[in-house]
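Working notes, structure below.
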Amino acid sequence: MPFKLQFWLLCCLLACPASAALLEDIQQLSAPVMQGRKTGTEGAVLAQHFIAQRYASLQLSQFSPDYRQTFNFGNNKAGVNIVAYHRGCTYPENYIVVTAHYDHLGKQGRKIFHGADDNASGVAAMLELAARLTQRCPAYSYVFVATDAEEGGLHGSKAFVAAPPVSLSSIVLNLNLDMISRADWRGRLYLTGAKRYPTLLEELERHFNKLQFVHHRGLPRTARSNPRHDWPNASDHGPFHRAGIAYLFFGGQEHPQYHTPDDTWQRIQPEFLTMAMQAIWHTVQWLEQQPPTVLQRAVQ
């Protein structure tokens with residue numbers, strides 16, 4: 001099926017409540033040509049070019065040529081984070097770092113692990129945030145990091161924290177986005193790290209009844225202890241947390257298509273994706289109204 005027709009059908013399925021760019025980015029990043037975006041593969045290179053081109057189209061600034069931050073990990077393995085920034089006006093020397101990993105599991109034989117929810121959805125949401133924030137001069141400066149090699153070790157975010165393009169002390173918050181287009185079995189999206197911001201919690205509780213707030217030790221308010229979910233270290237916010245930087249993590253739990261070839265754009269849940277994007281944007285608008293001293297409250 002031609003891409004344009006596929007995208008038109010996707011818009012029809014979603015009744016176009018979210019921006020066209022958000023939907024198109026998810027489909028492009030999870031397309032077969034991306035080959036599952038495994039670190040070090042041709043598909044990963046295609047994804048890097050795609051994200052860099054989107055950064056350039058938004059006129060985001062560069063720390064390095066082509067927005068690339070290269071790093072090594074493991075046994076002589078190489079990864080590439082794609083990093084851009086937009087300077088703020090009120091607190092320009094204070095940075096909010098938005099992260100979303102673009103890598104996925106690649107191919108096994110003829111099977112492609114498309115990774116639409118995991119994590120084309122998070123990267124698309126990060127790009128949507130960048131598009132909205134560049135329409136004006138935000139209060140904070142924002143760094144946008146599409147991380148590589150998250151699968152199997154959070155290596156991209158570890159590399160960013162180990163060699164940041166700005167001082168770690170100037171980073172007031174990490175906003176991490178990972179798997180936001182599919183609900184868990186209870187129909188929920190999870191937000192971790194918000195306990196330190198009671199006013200934000202009140203705001204989100206009032207507007208978004210599908211959000212589940214998770215406390216520091218990984219326990220949802222209404223759930224029993226589940227040792228499988230180490231929420232502070234579940235995704236790319238982990239290295240920021242260990243460095244003493246506050247974080248907010250929007251993400252889902254595992255679903256039947258998680259880490260399978262069936263995690264495709266056709267399985268995106270339209271209303272859920274729209275709700276997730278609205279909650280993320282509502283959060284950013286709240287953050288914009290807070291002074292750095294509020295955002296830098298002690299890590300839970």
Number of Lys pairs (Cα under 25 Å; 8 or more positions apart or on different chains) in the chain: 12
Potential lengthening between Arg132 and Asp262 on full extension [0.36 nm per residue; Cα-Cα distance subtracted]: 43.7 nm
Order by protection proxy (mean Cβ within 10 Å, highest first), peptides 136-149, 190-203: 136-149, 190-203
Neighbourhood charge, 11 Å Cβ-Cβ cut-off, centred on Arg37 and excluding it, Lys, Arg +1 and Asp, Glu -1: -4
Point-to-point label distance, Thr90-Asn76, nm (Cα→Cβ direction, 7 Å offset): 5.1 nm
DSSP H segments from the chain that extend 15 Å or more along their own axis, Cα-based, with Kyte-Doolittle mean of 1.0 or above: 3-14, 121-133
Cα gyration tensor of the range 3-295 - equivalent ellipsoid semi-axes, whole Å, descending: 25, 23, 20
Where labels lie 7 Å past Cα in the beta-carbon direction, separation of Arg186 and Thr199 in nm: 2.8 nm
Amide H contacts under 5 Å for Ile171, placed H, 5+ residues apart: Tyr95
Within-12-Å neighbourhood charge of Asn176 [Cβ basis; K, R +1; D, E -1]: -3
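FYI, it's all coordinate maths here, none of it is from the lab. Keep in mind that this is a model prediction, so the values were computed, not measured. Cβ coordinates were reconstructed from backbone atoms using ideal geometry, including for glycine residues, and neighbour counts include every protein chain displayed.
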